[in-house]
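Structure first, commentary second.
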Amino acid sequence: MEHSWLLIALVAPFLWALTAVLDSYFVVNWYRDKYDAIVVSGVFQSLPLLLVLLGIVQFSLPSSEVFFFAASAGLVFIGSFYCYFTALFNDNDSSLAQTFWNFTVPVVPFLAWLLFGEVLEFRHYIGVLLSFFGVLALAFYQKIIRGVKMRNFSLPMIGATILFSLSMIFSKEAYAGGNFFDVLLIFCVSSSIGSLMILALKYRSGFFVRFREIVSLTKKNFVWFIISEGLYFIGTVTSQRALSLAPSATFIVVIEALVPIFIILISVALIWLYRVTSRQNRVVKQVLLKQVSGASVKVFATVCLVVAVAFVA
């Protein structure tokens, strides 16, 4: 099919949206605090290590420079998740959080210029400016309409956006000088170690007690955690496949920027399904209603992002 890449490209944001909705449910129903969420996410990041332990693939230690960038990317990546879950535990709206996070796309070239001197064109500045308007709209919505202080949601999500952007830049530098799987493995292992470091910095002497509690939580809900991580992984694979088929990477980036819209649509569909089947689950209903609240502001911010991507890409 001539436009098969378009159908494939739509799979990734849909699956990522499902994962985000599950995250919001986990925050309300299972996670005790953001440290539960960080460690669970971090531990599952280490799954590619099994491929080496089982002898399926070989690992070779790269140069010190590549190792540094790959490890730094992993640590900064898990740091972005720390900010993300900090925001969710203050206002459990994954569609709003994902809207913030999507502004990574126009921020990356700006940070690449700041850190590595990559040349920016005038259109890049336009993209960053449009992104600023989108983020500003989200921040004011949180503060004025929701009554949530900026330091409780907007600032953590801005931090998540910056850290995730840095992770992408460091990863790019690492992949440019090393083997794909070697870099990926270092990235994943450093993310896992980083999540444990965050837990240790918080609980110190009580680290092992909290870690055992998180292990118990993971065992109890293992199937759901595997489903969530599996959906995210499949989304990533389909995203890469769409990139290989699409006439331009810009089309893929724009489509993937629609994750917040998919979250809203999925939530609306699930709310309708609950009403049709007359099922009653107050926690699930609250989670879903939170995702669809402020839809107009989220759509406006997403439009700003899509236009910004068109300038940047």
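The values are calculated or read from the model by the stated rules, or taken from the named source; none is laboratory data. Note that this is a predicted model, so its numbers are computed, not measured. Note that each Cβ is placed from the backbone with ideal geometry, even for glycine, and that neighbours are counted across all protein chains shown.
Taken together, the residues in the stretch 173-198 that are in contact with a helix residue (DSSP H, G or I) (Cβ under 6 Å, 6 or more places away or on another chain) and either charged (D, E, K, R) or over 18 Å from ILE56 (Cα atoms) (or both) amount to 12.
Of all residues in the stretch 149-178, count the ones that are at pLDDT 70 or above and either outside any helix (DSSP H, G or I) or touching a Pro at 6+ places or on another chain (Cβ under 6 Å) (or both). Write out each step before concluding.
Going residue by residue through the stretch 149-178, those that are at pLDDT 70 or above are 151-178.
Next, from what is left, pick out any that are either outside any helix (DSSP H, G or I) or touching a Pro at 6+ places or on another chain (Cβ under 6 Å) (or both): 153, 178.
Here the count works out to 2.
Of the residues making up the stretch 188-242, those that are among the basic types (Lys, Arg) and over 18 Å from TYR31 (Cα atoms) are ARG204, ARG241.
Can you spot a residue in the stretch 50-70 that is crowded, with 20+ Cβ neighbours inside 10 Å and more than 15 Å from SER192 (Cβ to Cβ)?
Step one: filter the stretch 50-70 for residues crowded, with 20+ Cβ neighbours inside 10 Å, giving 66, 69-70.
Then drop every residue that is not more than 15 Å from SER192 (Cβ to Cβ), which leaves 66, 69.
Within the stretch 50-70 (the criterion being crowded, with 20+ Cβ neighbours inside 10 Å and more than 15 Å from SER192 (Cβ to Cβ)), the answer is yes, since at least one residue qualifies.
Across the stretch 206-218, not a single residue is classified as modelled with pLDDT under 80, assigned to a helix (DSSP H, G or I), of a type in the set (A, V, I, L, M, F, W, C) and over 19 Å from LEU18 (Cα atoms).
Residues in the stretch 201-216 that are under 12 Å from ASP36 (Cβ atoms) and surrounded by 13 or more Cβ atoms within 10 Å (Cβ to Cβ): LYS202, TYR203, ARG210, PHE211, GLU213, ILE214, VAL215. Only residues that are in a helix (DSSP H, G or I), within 15 Å of LEU185 (Cα to Cα) and among the small types (Gly, Ala, Ser) were counted across the stretch 25-47, and they come to 1.
I'm trying to understand the selection: among the residues of the stretch 7-28, which are farther than 18 Å from ALA87 by Cβ and in contact (Cβ under 8 Å) with a residue 60 or more places away in the chain? Steps first, answer last, please.
Of all residues in the stretch 7-28, those farther than 18 Å from ALA87 by Cβ come to 7-15, 18.
Hits for the stretch 7-28 are ILE8, ALA9, LEU10, VAL11, ALA12, PRO13, PHE14, LEU15, LEU18.
Taking the numbered list (1) out of contact with any Gly (no Cβ under 8 Å at 6 or more places or on another chain); (2) at pLDDT below 80 in turn, ARG146 passes all entries but (1).
Within the stretch 88-105, the residues that satisfy the criterion of being within 22 Å of LEU130 (Cβ to Cβ) and assigned to a helix (DSSP H, G or I) are SER95, LEU96, ALA97, GLN98, THR99, PHE100, TRP101, THR104, VAL105.
Kindly evaluate VAL57 against the criterion of being touching a helix residue (DSSP H, G or I) at 6+ places or on another chain (Cβ under 9 Å), touching a residue at least 40 places away in the same chain (Cβ under 8 Å), farther than 19 Å from THR218 by Cα and among the hydrophobic types (A, V, I, L, M, F, W, C). Let's see the steps before the verdict.
Values: touching a helix residue (DSSP H, G or I) at 6+ places or on another chain (Cβ under 9 Å): yes; touching a residue at least 40 places away in the same chain (Cβ under 8 Å): yes; farther than 19 Å from THR218 by Cα: yes; among the hydrophobic types (A, V, I, L, M, F, W, C): yes.
Yes, satisfied.
For residues in the stretch 101-123 being more than 26 Å from GLY79 (Cα to Cα) and modelled with pLDDT under 70, which is surrounded by the fewest Cβ atoms within 10 Å (Cβ to Cβ)? Outline the logic, then answer.
As a first pass, look at the stretch 101-123 and keep what is more than 26 Å from GLY79 (Cα to Cα): 119-123.
Filter again for modelled with pLDDT under 70, leaving 119-120.
Numbers: VAL119: 8, LEU120: 16.
Checking each candidate, the answer is VAL119.
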